[in-house]
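Beneath this line is the structure, given in structure tokens, with notes to follow.
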Amino acid sequence: MKRYTFLLPLLFLLITLSAKAQTDAGMDAFVKKLMSQMTLDEKIGQLNLVTAGYPPTGLGVSLGVEEKIAGGQVGGIFGVYGAAKVRGVQELAVTKSRLKIPLIFGLDVIHGHQTIFPIPLGLSASWDMNLIEKSARIAAVEGTADGLNWTFSPMVDIARDPRWGRISEGSGEDAYLGSRIAAAMVKGYQGPGLSQNNSMMACVKHFGLYGAAEGGRDYNTVDMSRNTMYNYFLPPYKAGLDAGAGSIMTSFNVVDAVPATGNRWLLTDLLRKQWGFKGFVVTDYTSLNEMIEHGLGDLQTVSALALHAGVDMDMVGEGFLTTLKKSLKEGKVTQAEIDQACRLVLEAKYKLGLFEDPYRYVDEKRTTSDILTAEHRQAAREIAAHTFVLLKNDKQTLPLKKQGANIALVGPLADNRRDMLGTWVVAGDWQKSVSVKEGIQHVAGSGVNILYAKGANITDDTAFIHRLNFFGQEMVSLDKRTPDEMIREAAGAASQADVIVAVLGESQSMSGESSSRSDIGIPASQERLLKEMVATGKPVVLVLFTGRPLTLPWEAEHCTSILNVWAPGTEAGNAIADVLFGDVNPSGKLSATFPRSVGQIPLYYNHKNTGRPYDGSPQTKFRSNYLDISNDPLYPFGYGLSYTTFSYSDLKLSKTALKGAEKLTATITLTNTGKYDGEEVVQLYISDPVATISRSVKDLKGFQKVMLKAGESKEISFTITPEDLKFYNSDLKYDWESGEFVIGIGTNSDELKSGKVNWTK
Ligand code: BGC
């Protein structure tokens, strides 16, 4: 028997494959039978996704929702959550509609459901796939406890332009890091299997290239070479799908001059034929109708275009519902196209187990046992603390002492619960979040003396405030006091303090959808407060809230320390205090470059060299540079400090000449040379200086997050194979080319220990 144990994995694989084949066959038979009973109207009804009571983010809202559900004109709904509410709506579908087909229930569960985790850009700065997956798992447990089974996440759009407000919703600028995160999030949401009642179907979005909107202006034109798409922008979508995501959402922009929602090359040739995607495609909010404004024709024309391109479900626009029947009659779409879309939507419902039990996700008991639990909040606190990026820490001002310090705590975000959560928190209740002031009180207790003063408004610009308060609530308000009075109060607090902690930056509605900014600095009112604080000559710790990379040249020069905390979520204040007082040593690294000035954008680490590369000086004539500023970022991709220090030994390469499929081991010794235990993200980059196309100067190819005790050393190795050398060439063939490669390992994309190898085919 022992002799055959090596066959066990094979046996297991065969059993799994045959079980899958059985489910697929079972699903096929079930869906076929159901479809044979469906009228054309009922089939088209399955392609209709409606919203209920959601803040409209597009052209209008859904009307007559209840009648439509009862009439079999709806396949799914989003914006309804809470077990009792979901039960009520599902009842309409399964008792009133003729064929009793259950609805799918979606929501934007983006960074947590009710327990809110850091915004995705923050999560990505943890470079910790376990924590990211855990945040998505908890989000799915809570979302399903609220009756949901479909989340419009992960957003995997690569963004190189921090003016774009939605950079906050993604994982930054890098395809490799973005792909790893896409997979981790899909795994977290979908858990051990879609039919589990605590798993949600993921929806990778926005396909595609939405993050490359010109000028960083939301919904704007995208114009990109196929080569750049394949090498830098498409991989995270594919990674999310390869991890098993059941659905994908189209984007608002054009791809090669055709709107993504009607782009057959994108949705069929690439997505289905090249990538083999088997799930369903949903439009973004009225993106189907928006093709009219894009100049592609009237509603009937664009609806036919979308169906033919490969869209299966129409979000809110009702172009499918109102025109497909006519188009079929007129021969503008085929029955096979309608059937195919309907089949994919029904298959998703089958995989979610909804035909077995339409109330599978409705369990009123779970509402109290599974949502905002102490365990979830504790996870949110730990995860948040791992996303903070220490940008500067002069004279080891941080961590602060828990005993005896007089701390002036100033800024409009210091005693503020609302802005802790960040963008896209549909079900998160800001009143349940922990402010920075409360967090400091919890962590340092009576050991420290807190002298609090608000010091400034988020902004004094009333027109800007009006736009920030778009949804009608008073998200940002003006204090009754004048700016001068507020500053005077803050100066009073500062005069009695040993250290000033200024909690400043972007409020919740300053980033996210339709929140592009042309000036990405800290608003003037807060900047003025900061300058007053710095003028006291006391150490100033800037705790920076932001949904995007900001331009911070003045802050970087004059603040003593800067801790970038993004928007950390429900446990914001506790997590910030944990880091400020040293219970957690910061270990986050930037996933997007911080420029010095808006004029440098787009600025990203894996740019090409140009024929006249920058030589480090803005002065040199006839070079690719600016007359008035250096090309360098303020903080590069991968950058982030710790309370301790790390040193990297020289790089050791196992070989310097390799052939074919051989493997290379690249090793450095990492030493924690400081006083604190700490984590470091060791990053691997590869350059390919000579190839048949102009390659980027370097590309991230691996990373490891390593914990070292103070004084400890560890050898860190990466195994490199030809797979890591591959790229899309000018024929869009994915392969590698013989030649010299530079292998770099280091603490960020700019500080690398490197060595060269020759690798031939
Ligand atoms: C956004 C999507 C979102 C959808 C539904 C749109 O405006 O672009 O990301 O999932 O609304 O809320």
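Just so it is clear, none of the values below were taken in a lab; they were calculated from the coordinates. Please read these numbers as outputs of a predicted model, since none were measured by experiment. Glycine also receives a Cβ, built like all others from the backbone with ideal geometry; neighbour counts cover every protein chain displayed.
Remarks
- Local electrostatic count, ASP269, Cβ distance below 15 Å [Lys/Arg +1, Asp/Glu -1]: +4
- Rounded to the nearest 20, the Cβ-based charge dipole of segment 282-429 about its Cα centre (Lys and Arg +1, Asp and Glu -1) stands at 720 debye.
- Spatially proximal aspartates and glutamates relative to LYS325 (Cα-Cα < 19 Å; intrachain offsets below 8 disregarded): ASP41, GLU42, ASP298, ASP312, ASP314, GLU337, ASP339
- Per-residue Cβ neighbour rank within 10 angstrom, fewest leading, GLU571, GLU679, GLU67, GLU737: GLU67, GLU737, GLU679, GLU571
- With the convex hull of the Cα atoms taken as the outline of the chain, the averaged projected area works out to 35.6 nm².
- Phi-derived couplings, Karplus 6.51 cos²θ - 1.76 cosθ + 1.60 at θ = phi - 60°, listed residue by residue for segment 367-383: 4, 8, 7, 10, 10, 6, 6, 4, 5, 5, 5, 5, 5, 4, 5, 5, 5 Hz, with x used for Gly and Pro.
- Formal net charge of residues neighbouring LEU92 (Cβ-Cβ distance under 12 Å; K, R +1; D, E -1): +2
- All-pairs Cα distance distribution in segment 497-606, expressed in whole percent, bin size 10 Å: 12, 44, 36, 8, 0
- Peptides 162-171, 183-192 ordered by average Cβ neighbours within 10 Å, highest first: 162-171, 183-192
- Relative protection proxy for 707-717, 388-398, from highest mean packing down: 388-398, 707-717 (other beta-carbon atoms within 10 angstrom).
- Extreme residue, positive dipole direction of the chain, given options VAL222, TYR359, SER514 (C-beta unit charges): TYR359
- Within segment 371-460: Cβ-based charge dipole about Cα centre, in debye rounded to nearest 20 (Lys, Arg +1; Asp, Glu -1): 220
- Electrostatic dipole magnitude of the chain [Cβ: Lys, Arg +1; Asp, Glu -1; Cα centre; debye, to 20]: 1600
- Across LYS351/LYS726; LYS365/LYS432; LYS238/LYS589; LYS659/LYS701; LYS538/LYS705; LYS100/LYS187, pairs whose alpha-carbon gap is larger than 27 Å: LYS351/LYS726; LYS538/LYS705; LYS100/LYS187
- Straight-line reach from LYS621: taking Cα to Cα under 27 Å and skipping same-chain neighbours fewer than 8 places apart, the lysines in range are LYS608, LYS698.
- When the Cα positions of SER713, GLY746, SER696 are compared along the charge dipole of segment 646-760, SER713 comes out farthest toward the positive end, with charges on each C-beta of Lys, Arg, Asp and Glu.
- Antiparallel DSSP beta bridges within the chain, as percent of all bridges there, nearest 5: 55
- For the chain, calculated [θ]222 nm from helices alone, where every DSSP H run of n ≥ 4 adds -39500 (n - 2.57): -8500 deg cm²/dmol
- Descending by average beta-carbon neighbour count within 10 Å, the peptides 26-39, 572-585, 294-307 line up as 572-585, 294-307, 26-39, the highest first.
- Net charge, ALA524 excluded, C-beta distance under 11 Å - Lys, Arg +1, Asp, Glu -1: -2
- Working from Cα pairs under 8 Å separated by at least six residues, relative contact order for the chain is 13 percent.
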